[in-house]
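Step one of this worksheet: look at the structure below.
The values are calculated or read from the model by the stated rules, or taken from the named source; none is laboratory data. Bear in mind that the values here come from a model prediction, so they are computed numbers and not experimental data. Backbone-built Cβ (ideal geometry, glycine too); neighbour counts: all protein chains shown. Accessible surface is based on the protein model in full, side chains and every heavy atom, while ligands, DNA and RNA are left aside. Shrake-Rupley method; radii C 1.70, N 1.55, O 1.52, S 1.80 Å.
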Amino acid sequence: MSEPRTGQSPAGEAPYAYDGAPPSTGTAPREAVMRPVPEEFPTPPPRPAGWNRRMPEPAGAEPLRRRSRRGLILALCMIGILICAIGTGAGFLVLRNLERSGSSAQDDPAASSSPARGELVLGGITVRDAALEQGVASVGDAGRQIVPEGEFAVLTVEIVNDSPQPVSLGASIRLIGEDGTTYEPDPEAGRAHLAESEAYGLADTGEAVRFHAVYDVPVGTVIRGADVDFSRYPGGGSGELPL
């Protein structure tokens, strides 16, 4: 053990011994004193135990959640099966109605032979596939060109001959204006008109031939239909063909 060292004290004081510890100041340390809380200071609410912890789930919650999920999946499956069944039944009914309508049309001759719009049936002669071209300035080619007084109207039809003798178009079809005026075909303009159809000729029994006829009508004439007359042929007739 080393000898305590002596130090020089301030003026007027005796020297003190120094053994490595700080010199005492001569004042005792203060003790902590609890001050009373003023009466007017509000009392803080009690803090619940475990306030920042997650509340535990009740017993049996996990099995209940699984049962709910299974019930939802089962309900969706049942809805899908029901939709498929309804779609299958509706498709079956539609197909059944189509089959019935098709069979009824085959059993009923009047339903299968009823003429459509733009078709005229006169006994054994049928006029169909009518096409009307108006406002034609001229017909023919450079070597033989014909110009109308007003304007040309070109009518093209198909004649199906189921009568007992051959038929020809000729003057059998006349155009009918909106005011009821009828217009005869121009044979010369019809022969000069260049087309794949025929201007004249015969449709034999059981044959279908496309014919055309050219009419010279006033400019701006509105055509409502065609007057067809095949009454001079056995098994023929007459009527108006809508255009």
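Overview of values
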{"read-out": "Residue count, the range 149-161 (criterion: touching a residue at least 60 places away in the same chain (Cβ under 8 Å) and open to solvent by 20 Å² or more (accessible area, probe 1.4 Å))", "value": "3"}
{"read-out": "Any chance ALA189 is under 17 Å from GLN134 (Cα atoms) and over 43 Å from the mean Cα position of the chain (by Cα)", "value": "yes"}
{"read-out": "Which numbered condition ARG174 misses (of (1) open to solvent by 60 Å² or more (accessible area, probe 1.4 Å); (2) in contact (Cβ under 8 Å) with a residue 12 or more places away in the chain; (3) in a loop (DSSP other than H, G, I, E, B))", "value": "(3)"}
